[in-house]
Amino acid sequence: MPSLIVHGGTPLHGRIIPSANKNAVLPVLCATLLTAEPLRLHGVPDITDVRKILEIFRALGSEVKLDETTRVLELHHRDTHFDAALHRLPEEMRSSIMLVPPLLARFGVARLEDNVKGCTLGVREIDPHVEIFRSFGGQVERSSGSLLIRSAGPLTPNHHWLDYASVTSTENFVLCAAAAPGESTLTNAASEPHVQEFCRFMAMMGADIDGIGTSRLAVRGGKPLSGGEFHFEEDFHEITTFLALGAITGGDIQVRNSTPANFPLLDRSFAKFGVRIVHENGWSRAVRSGPLQVQQPFTSNVLTKIEAAPWPYFPVDLLPIFIALGVCAQGNAMFWNKVYDGALGWTSELSKFGAHVFSSDPHRVVTFGGNALTPAVVDSPYIIRVAISLFMVASSIQGRSEIRHATPIRRAHPNFVENLRSLGARVEWADEE
């Protein structure tokens, strides 16, 4: 895998227009299979997972037209066909599982590779999805390294209660429910901004959904879905990433942000490190008046902490970004991942920069800031924002660092290096040297 070479110590300045959120784009692309009418999607990012899904669509006979300049995608699944004996869904991305409901609805069968995977975030079970497919009448069986999911007739509506508020399970439920004649309800539904955006796309196609943005969804399905036109929002993960890059390098990055209503908790989390976020006229920026400094809580003898859990908690995907801030700030802070076990094992790599990070258990780490940091060569696991977190620390340190195995960044952030260079960063992929 290619490495990122970073010559750090330069404050970053400029303006960034973020890309769309891959966690909204991918389920929306899967949902397009539910209609045979034409669709036009604006702002489709140039990322590896999008390319893989479009390759699948072409292999299935769908009409795919993508303007590489404007990033406008036109899809028409009128002549789409699926053969479980021939067609394979991509194994390298978790979102493949969301192709199952539309394939079931249209062709009565879907095939999923048994080892479908995404980032290495610890155990990510497939059981909640199997439960959903079965609850709608799907029959799930293992067959030579694959899962075959079949439906003898139309999907049947039902009422389901998730064990935990899983984003992908919620989206799979909505996809199945939209195709099942009658009313289905989901309790303990995920409500992240990208889930809401996905539900708004489904509503644009004609799906009848109540409760968007809450923990209980009601879907009245079974009617044919239409085509239409949809514009993706900016990715709040990418907005936060560039705000944090401005803060950690002592620069001033303005990031376009049309959804500041998603940011109150994130703004307060930045404030815990002495960073003030300003939202004005559709743009956001991070302001710090001095060195990064962990703010002491009002309650004595407790650590300032960031607790990450399903929305509306602090987003777990952004925890590595704030760990980078903690490493570079004066003072001590605790970071708590309440979702994935084993997703914080990478923090030992931070010690190569000279950082002091203590792993309390598989879910919690404590950063002890104030150490002098030096450039280093570090290894990133296959987790998108861990690679970015390691880059952030390196960008704050004068000298040359290397982030090895940084390819996961390309799964979510198109033109990441080009955007950084436009801000004044000295960074390149090792395979471009």
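The values are calculated or read from the model by the stated rules, or taken from the named source; none is laboratory data. Just so you know, these numbers come straight off a predicted model, no measurement behind them. All Cβ positions, glycine included, derive from the backbone under ideal geometry; neighbour counts span all protein chains shown. Note: accessible area is taken over every heavy atom of the protein model, side chains too, but ligands, DNA and RNA are not part of it. Shrake-Rupley method; radii C 1.70, N 1.55, O 1.52, S 1.80 Å.
I'd like to check something: does region 348-358 contain any residue that is in a strand (DSSP E or B), open to solvent by less than 50 Å² (accessible area, probe 1.4 Å) and within 24 Å of Glu192 (Cβ to Cβ)? Walk me through it before giving the result.
In the first step, residues of region 348-358 are kept if they are in a strand (DSSP E or B); the result is 356-358.
Applying the additional criterion that residues be open to solvent by less than 50 Å² (accessible area, probe 1.4 Å) yields 357.
Going one step further and asking which of them are within 24 Å of Glu192 (Cβ to Cβ), we end up with none.
No, because not a single residue in region 348-358 is in a strand (DSSP E or B), open to solvent by less than 50 Å² (accessible area, probe 1.4 Å) and within 24 Å of Glu192 (Cβ to Cβ).
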Residue satisfying condition, being under 30 Å from Gly250 (Cβ atoms) and out of contact with any Lys or Arg (no Cβ under 7 Å at 6 or more places or on another chain), within set Pro27, Pro11, Pro102, Pro18
Pro11
Residue list for region 369-401, filter: of a type in the set (Gly, Ala, Ser), in a loop (DSSP other than H, G, I, E, B) and over 26 Å from His237 (Cβ atoms)
Gly370, Ala372
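Can you name the strands (runs of 3 or more DSSP E) wholly within region 188-304 that have at least 2 residues being touching a helix residue (DSSP H, G or I) at 6+ places or on another chain (Cβ under 7 Å)? Outline the logic, then answer.
Working: elements: 208-210, 216-221, 228-231, 252-256, 276-280, 283-287.
Per the criteria, 216-221, 228-231, 252-256, 276-280, 283-287.
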Examine region 362-374 for a residue that is open to solvent by 10 Å² or more (accessible area, probe 1.4 Å), closer than 30 Å to Arg94 by Cβ and either small (Gly, Ala, Ser) or modelled with pLDDT under 95 (or both), and state whether such a residue exists.
yes
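Test Ser300 against the criterion of being farther than 30 Å from Thr170 by Cβ, polar (S, T, N, Q), surrounded by fewer than 21 Cβ atoms within 10 Å (Cβ to Cβ) and at pLDDT 95 or above, and give yes or no. Walk me through how you get there before you give the answer.
On the way: farther than 30 Å from Thr170 by Cβ: yes; polar (S, T, N, Q): yes; surrounded by fewer than 21 Cβ atoms within 10 Å (Cβ to Cβ): yes; at pLDDT 95 or above: no.
No; evaluated as a whole, the condition is false for this residue.
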Of the residues that sit in region 241-269 and are farther than 17 Å from Ser389 by Cα and among the polar types (S, T, N, Q), which one is surrounded by the most Cβ atoms within 10 Å (Cβ to Cβ)?
Asn257
Sole miss for Ala203 among (1) open to solvent by 20 Å² or more (accessible area, probe 1.4 Å); (2) under 27 Å from Gly137 (Cβ atoms); (3) in contact (Cβ under 8 Å) with a residue 12 or more places away in the chain is condition (3)
Search result, residues across region 402-433 that are in a helix (DSSP H, G or I) and open to solvent by 40 Å² or more (accessible area, probe 1.4 Å)
Arg410, Glu418, Arg421, Ser422, Asp431, Glu432
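I need the full set of residues from region 329-347 which are more than 27 Å from Glu402 (Cβ to Cβ) and open to solvent by 50 Å² or more (accessible area, probe 1.4 Å), in order please.
Taking region 329-347 first, the residues more than 27 Å from Glu402 (Cβ to Cβ) are 331-332, 334, 336, 338-339, 341.
Across region 329-347, the qualifying residues are Asn332, Trp336, Lys338, Val339, Asp341.
Give the residues of region 270-291 that are surrounded by fewer than 21 Cβ atoms within 10 Å (Cβ to Cβ) and within 17 Å of Met392 (Cβ to Cβ), sorted by residue number.
The answer is Gly274, Arg285, Arg288, Pro291.
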Going by what's in this entry, would Asp210 be described as open to solvent by 10 Å² or more (accessible area, probe 1.4 Å), touching a Pro at 6+ places or on another chain (Cβ under 8 Å) and not small (Gly, Ala, Ser)?
no
Restricting to region 150-178, count the residues that are open to solvent by less than 30 Å² (accessible area, probe 1.4 Å), of a type in the set (A, V, I, L, M, F, W, C) and touching a residue at least 40 places away in the same chain (Cβ under 8 Å).
8
